[in-house]
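Notes for the one structure printed next.
The values are calculated or read from the model by the stated rules, or taken from the named source; none is laboratory data. Just so it is clear, the structure is predicted and the values come from calculations on it, not from any experiment. Here the Cβ positions follow ideal geometry from the backbone for every residue, glycine too, while neighbour counts run over all protein chains shown.
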Amino acid sequence: MGSDLKGNAVIGQSGGPTHVINQSLVGCVEVLKESANVEKILGAHHAVRGIIEEDFIELQDLPQDRLDRIAETPSAALGSSRDKPDDAYCEKIFKVFEKHNVRFFFYAGGNDSSDTCRIVNEKAKSAGYELHAFHIPKTIDNDLVCNDHTPGFGSAARFVAQAFMGDNLDNRALPGIKINVVMGRHAGWLTAASILGRSGEDDGPHLVYVPEVAFDSVKFCQDVDKVYSKHGRCLIAVSEGIHDADGNPMAAKLAEQQGHHVEKDAHGNVQLSGSGALGDFLAQEIKNYLGKKTRVRADTFGYLQRCMVGTASPVDQLEAREAGREAARQALAGDFDGSIAIQRVSDNPYRVEYKRIELSDVAAKTRTLPLDFINTENNNILDSFKDYLGPIVGDLPPVEFLRAQ
C-alpha cells in the first residue's frame, strides 16, 4: 500500500562524518528516484543550516556511476553541521519545507538528529501539513537505543581493531607502555573494539577502560605496573569519556591535579575529541607512580577513526545503504515518521532486519556497552564481545611474529 502524496524530498547528513554515511544517502536517493511521487530530491548542503538558508543540491539527475562513487567515498558528501535545532530553529525548517513543497524529509545522524525529525514533524502536524519525516541511523559511537548496531560503527571499529593490532606489534618490537585514547564520551563500544585482533594471552590491549565503569587513577597505575612487570610492556585502550565515581571527566580532573587548563566546547562540555590532553595526563600519572625511567607514550585517535579511506567494513557498507533505502521505502509507503533500526535476528548465519521505530524511542537516549561484555575486576573486555562484533567488522588481516625459544 503506497501513499498518493506528491512533492519534493530533502535529505540531510548530520554530526560527525563516517565511512558509510554516503551509502545511506545513495540508498535513499536510489529508491526516491524510482518514485513518481517525488519531483525533486534536494540535498541539504551542510544539514539543517543548509535547509534554513535554502542551500540545496539537486540529486535526482545524478547518474548511477557517480552515485556509486559517492557511496564508496567516506565523509559526508552533502556536508554536515553540529547545530542542535531547538523549537524555534525547527520552525524555520518547517517554513522552508512549506515554501519548497517538501513532503519527504530524511535525516541521517545520531539521537539528536532523530529529535530534529521529531520536532519538525510535530510542527507539520500542528499546521495540518502532511510531511513524512524519517531518521536514518548513523554514529560510530554505536549508542542508539533499539539498534543492535549503527551504520558507521562497524567501519570505525574495524579501524580501531587494526590500529591496535599494529600498535601491539610495535609495542612488541620496542617494549614500553603505550596509551591509545579512543572516541566515546558516554559509551565504550568503540574502545571495546580494540580487542578484536587480540589472539594470545600476551597480546594487547592488556587493559581497556570504558565510561561504563568508574575510573580510579590509583588502581589504573597499579594495573599498568602489574601488566608491565609480567610482560615487560603494556598496551592500553582508554575511552575519551572515562570519569571518576562521581561522574567527573578524568580529562578535567587530571588537568586540575597537574595544574593544567582544559578547553570546553560550545555546549559547555569538556573538550575530549581533538585533544591529546587525556593521554598526556595519563602518561604523566604512570611516570609519577612508577618513579623510574620508563618508555610511556600516548596517542589520541580522534577524527582518524571516522573517514579513513579503504578501511570500511563491507557489511557496514551494505547495511548503511539498505538503511537509507528502507527509510525511503517506509516514507513512500505512507508511514508519516520514524527511525530505521538495525536489529539482529540471527548469529549463525549472521542476519539483520530493518525495523521502523518511533522517533521518540531513540531521540535523546544513549545505549551504553552492557556490563556483560566488561571484566570490571581487571579493567578489560571479555572475549565474548568478539562474537558480537566480528560479523559487523569482517575478517581482519592475518599477522605473524617470532617468539624467543
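Looking at segment 98-121 only, could you name the residues that are among the aliphatic types (A, V, I, L, M) and closer than 20 Å to L332 by Cβ?
V102, A108, V120
Among the numbered conditions (1) among the hydrophobic types (A, V, I, L, M, F, W, C); (2) surrounded by 16 or more Cβ atoms within 10 Å (Cβ to Cβ); (3) over 21 Å from M183 (Cα atoms); (4) out of contact with any Ser or Thr (no Cβ under 9 Å at 6 or more places or on another chain), tell me where L290 comes up short.
(2) is the only condition that L290 fails.
Of (1) surrounded by fewer than 20 Cβ atoms within 10 Å (Cβ to Cβ); (2) farther than 19 Å from V20 by Cα, G338 satisfies all except one. Which?
Unmet for G338, out of (1) surrounded by fewer than 20 Cβ atoms within 10 Å (Cβ to Cβ); (2) farther than 19 Å from V20 by Cα: (1).
Working only within segment 39-63, note down all residues that are under 26 Å from P314 (Cβ atoms) and without any contact (Cβ under 8 Å) to a residue 24 or more places away in the chain.
Across segment 39-63, the qualifying residue is only P63.
Which one of S14, S35 is at pLDDT 95 or above and either surrounded by 22 or more Cβ atoms within 10 Å (Cβ to Cβ) or not assigned by TED's automatic domain parsing to the domain that holds I93 (or both)?
Being at pLDDT 95 or above and either surrounded by 22 or more Cβ atoms within 10 Å (Cβ to Cβ) or not assigned by TED's automatic domain parsing to the domain that holds I93 (or both) holds for just one of S14, S35, which is S14.
With respect to L25, is the statement that it is over 30 Å from A157 (Cβ atoms) and either among the hydroxyl-bearing types (S, T, Y) or in contact with a strand residue (DSSP E or B) (Cβ under 7 Å, 6 or more places away or on another chain) (or both) true?
The answer is no for L25.
Determine which single condition K226 fails, assuming it passes every other condition in (1) at pLDDT 95 or above; (2) crowded, with 16+ Cβ neighbours inside 10 Å.
(2)
Can you tell me which residues in segment 325-363 are assigned to a strand (DSSP E or B), within 22 Å of the chain's Cα centre (by Cα) and polar (S, T, N, Q)?
Of everything in segment 325-363, those that are assigned to a strand (DSSP E or B), within 22 Å of the chain's Cα centre (by Cα) and polar (S, T, N, Q) turn out to be S339, Q343.
Checking the conditions here, which among E34, E53, E30 is more than 24 Å from S114 (Cβ to Cβ) and either over 23 Å from the mean Cα position of the chain (by Cα) or not β-branched (V, I, T) (or both)?
E34
Just wondering, is there one or more residues in segment 212-222 that are closer than 28 Å to K293 by Cα, among the β-branched types (V, I, T) and surrounded by 23 or more Cβ atoms within 10 Å (Cβ to Cβ)?
Taking every residue of segment 212-222 in turn, none turns out to be closer than 28 Å to K293 by Cα, among the β-branched types (V, I, T) and surrounded by 23 or more Cβ atoms within 10 Å (Cβ to Cβ).
With (1) modelled with pLDDT of 95 or more; (2) surrounded by 12 or more Cβ atoms within 10 Å (Cβ to Cβ) as the list, and R351 as the residue in question, which single condition is left unmet?
Checking R351 against (1) modelled with pLDDT of 95 or more; (2) surrounded by 12 or more Cβ atoms within 10 Å (Cβ to Cβ), the one that fails is (2).
Only residues that are under 13 Å from I51 (Cβ atoms) and either modelled with pLDDT under 95 or of a type in the set (D, E, K, R) (or both): list them for segment 102-116, please.
Those that are under 13 Å from I51 (Cβ atoms) and either modelled with pLDDT under 95 or of a type in the set (D, E, K, R) (or both): S113, T116.
For A163, only one of the following conditions fails: (1) more than 15 Å from the chain's Cα centre (by Cα); (2) farther than 27 Å from Y228 by Cα; (3) surrounded by fewer than 24 Cβ atoms within 10 Å (Cβ to Cβ). What is its number?
Here A163 clears every test but (2).
Which residues, counting only those in segment 132-158, are surrounded by fewer than 24 Cβ atoms within 10 Å (Cβ to Cβ) and at negative phi?
Listed by number, the residues that qualify are D143, V145, D148.
Looking only at segment 364-399, count every residue that is of a type in the set (D, E, K, R) and in a helix (DSSP H, G or I) and tell me the total.
3
For segment 341-387, give me the residue count where each residue is touching a residue at least 24 places away in the same chain (Cβ under 8 Å) and of a type in the set (S, T, N, Q).
The qualifying residues number 8.
Just checking, does segment 53-60 include any residue being out of contact with any Gly (no Cβ under 7 Å at 6 or more places or on another chain) and either at pLDDT below 95 or buried (at least 17 other Cβ atoms within 10 Å of the Cβ) (or both)?
The answer is no, given that none of the residues of segment 53-60 is out of contact with any Gly (no Cβ under 7 Å at 6 or more places or on another chain) and either at pLDDT below 95 or buried (at least 17 other Cβ atoms within 10 Å of the Cβ) (or both).
Kindly establish whether D115 is under 25 Å from the mean Cα position of the chain (by Cα), in the same structural domain as R321 (by TED's automatic domain parsing), charged (D, E, K, R) and buried (at least 21 other Cβ atoms within 10 Å of the Cβ).
yes
Could you say which residue among P85, P74 is crowded, with 23+ Cβ neighbours inside 10 Å and in the same structural domain as I136 (by TED's automatic domain parsing)?
Result: P85 is the single residue among P85, P74 that is crowded, with 23+ Cβ neighbours inside 10 Å and in the same structural domain as I136 (by TED's automatic domain parsing).
Filtering segment 166-184 down to residues that are small (G, A, S) and surrounded by fewer than 22 Cβ atoms within 10 Å (Cβ to Cβ), which residue is farthest from Y228 (Cα to Cα)?
Applying the filter and picking the extreme gives G166.
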